[in-house]
Structures are given as structure tokens and as C-alpha cells.
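The values are calculated or read from the model by the stated rules, or taken from the named source; none is laboratory data. As the structure is a prediction and not an experimental result, all values here were calculated from the model. Neighbour counts run over all protein chains shown; Cβ positions are idealised from the backbone, glycine included.
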Amino acid sequence: MNLVTKIATALGATTLLISLSSNAHEASEHMKDAQSPDCAAMAEMDHEKMDMNDPVMAAMMKQCMASDAHGEVATTGDAHQEHAHEAASTDSDAEHNHEAAAPVAAAVVEEVHQH
Amino acid sequence: MRTGIFIALAFVATGVFIFSGLYPMGADTPHFRVTTWALEILRERSIARASSEIKAPTDLDSADRLLSGGADYNDMCAGCHLSPGVESSDLSMGLYPAPPNLTNHAHVELDSSVTLARSFWIIKHGVKMSGMPAWGRGHDDERIWNMVAFLERLPDLNPVQYQILTARAPMQSEETH
């Protein structure tokens, strides 16, 4: 190998490494640092001011209903409700603690609907 | 004849300056005001021209776009452009030009369709010699519009709203277990 080829190879390898590590990332690749939405904090918000036509509000609801459903989506009815309440009483369980937010999200939804 | 000599001298002087090493390259030595002025006009004129044909989608104001754009913003942009309740970061303090704090209201006064096209173009193509990356290399236009949609609402968000909107949905993360 002559010097030019060596330099070219080194540059090529470095470029490849850099481009691989900073490559296009799918949303799913970020999951390792996934963070649960802090839905409990929603309960402390001023519900009078919640406007369901506001996309920000709608997006927050969507986030909190998603964490509530825990993969089962909110269509499983009674069984799902029980599941949520059970989770609320064991909220010390760190791995599943986002489930504890479920009743809160449900309560918020109920209240918003009353307005 | 005279002008010829003058131009030749200007070239030589420029060359000598470039090779002399006298230019202060550090990001902590600001430009002269006139240089900043010229660079900003250069940037704005270039972006205005390049983005003049871009049309924003009409449905930017949607919950799904906010959720996609919010999660991406938190992962990829907040380190430089900050988030509600975060006043500065190493990157926001150290970069020159400084990344604007995107949680504040409009930095550039333009009418809204122009602002949307400008933001889209900047996110997609980046800005040379500034630290602002071109995100179009790894993200399709839809995803970039979602970030634009999020930026439109970012100045209105409080830290709680920001946290909820930008968290990656836990439902999806469960699937990766």
C-alpha cells in the first residue's frame, strides 16, 4: 500500500464510523432512553382551562391514555379498569409505575367531559 | 493600469492574511459587527431564496404531529435550543453563533407561512459554519414538518406540558422488551 491509499483508507474508515454512529435514526431507536409521560402532573393542572380542541391538550390526553392502556388500548372495558386500579395500589413497583397514572388520566378525562 | 495593480495587491494581502495565522479562529472571539451584519444578510437572503417555493402542509395543527415532533425535538434539538424551564446548556453557551432559544417567541419577524418554510428549510439543510446540522439526511419531510409543527407551539408550553408531549409513548417502548 502506498501512502495515498493508506491515508484514503484511514479517512474512509473514519467517515464510515462517524456516519454509522450518527445515522438516520428511526423513532424506535430512541426507545432505550424512553421516558414515561408524567401524567400525574396533569391532575394538578387547572381543568377549567383545558380546551379539548387545542391540539396540545389533545396530544397530552393521547399520551396519557396510551400509558394508561399499557398496550391493551382503552377498549378492553371492565377488565382493563380493574387492572388500572390494581396498578395504582402498587405504585412503588418502579418498573410499572407509569400505570399509576392511569386513574389520574381517566379522572381528568371524566372531568373534561363534564364541561 | 492603476486598478489592475490595486486588485493584484488586494489579492496578495488577502493571501498573506489567510496564511499568516493571524485570524482569531476561536468561537469565543466574536466577529466584528460589520462581519456579523454581512453574514446575517448572506444567511437570510440565501434561505429566503432557497425556501421561497416551499409550501407548508395545511394540517400542521394536529396532536399526532405534535407528539412526533415533540419527541424528536427533545431527543435531537433541546440540547442546543433548550426547553421550558431550562435557561442554558453547555452547547447553548458555547456555540458561536449561539443557537437561538426556541422556547421564546419568534426571533425573526416574518409572516407565518414564510416562517414555516424558513424553519423547514433550516431544519432540513442546516446552516454552514454554525453547528446547526442538516437533519434532512436522516429524516423524511413529514418528520421535519412535525418538528416545525412542534416549534410553532413550543413557546406556549410550560415544563409539565413539555414533559408529557415529548416523552416517547411508553406503550411503544414496552414492545422492545
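Data table
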{"quantity": "Condition broken by B:GLU175, with the remaining ones in (1) within 14 Å of chain A (Cβ to nearest Cβ); (2) surrounded by 15 or more Cβ atoms within 10 Å (Cβ to Cβ); (3) at pLDDT below 95 satisfied", "calculated": "(2)"}
{"quantity": "Selection within region B:62-90 - surrounded by 14 or more Cβ atoms within 10 Å (Cβ to Cβ), part of a loop (DSSP other than H, G, I, E, B) and within 14 Å of chain A (Cβ to nearest Cβ)", "calculated": "B:SER62, B:CYS77, B:SER83, B:PRO84"}
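Listed here are the residues, each with its yes/no results for (1) over 15 Å from the mean Cα position of the chain (by Cα); (2) free of Cβ contacts under 8 Å to residues at least 40 places away in the same chain; (3) not in a loop (DSSP other than H, G, I, E, B).
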{"site": "B:SER92", "(1), (2), (3)": "no, yes, yes"}
{"site": "B:THR103", "(1), (2), (3)": "no, no, no"}
{"site": "B:LEU116", "(1), (2), (3)": "no, no, yes"}
{"site": "B:PHE120", "(1), (2), (3)": "no, no, yes"}
{"site": "B:MET129", "(1), (2), (3)": "no, yes, no"}
{"site": "B:HIS139", "(1), (2), (3)": "yes, no, no"}
{"site": "B:ILE144", "(1), (2), (3)": "no, yes, yes"}
{"site": "B:PHE150", "(1), (2), (3)": "no, no, yes"}
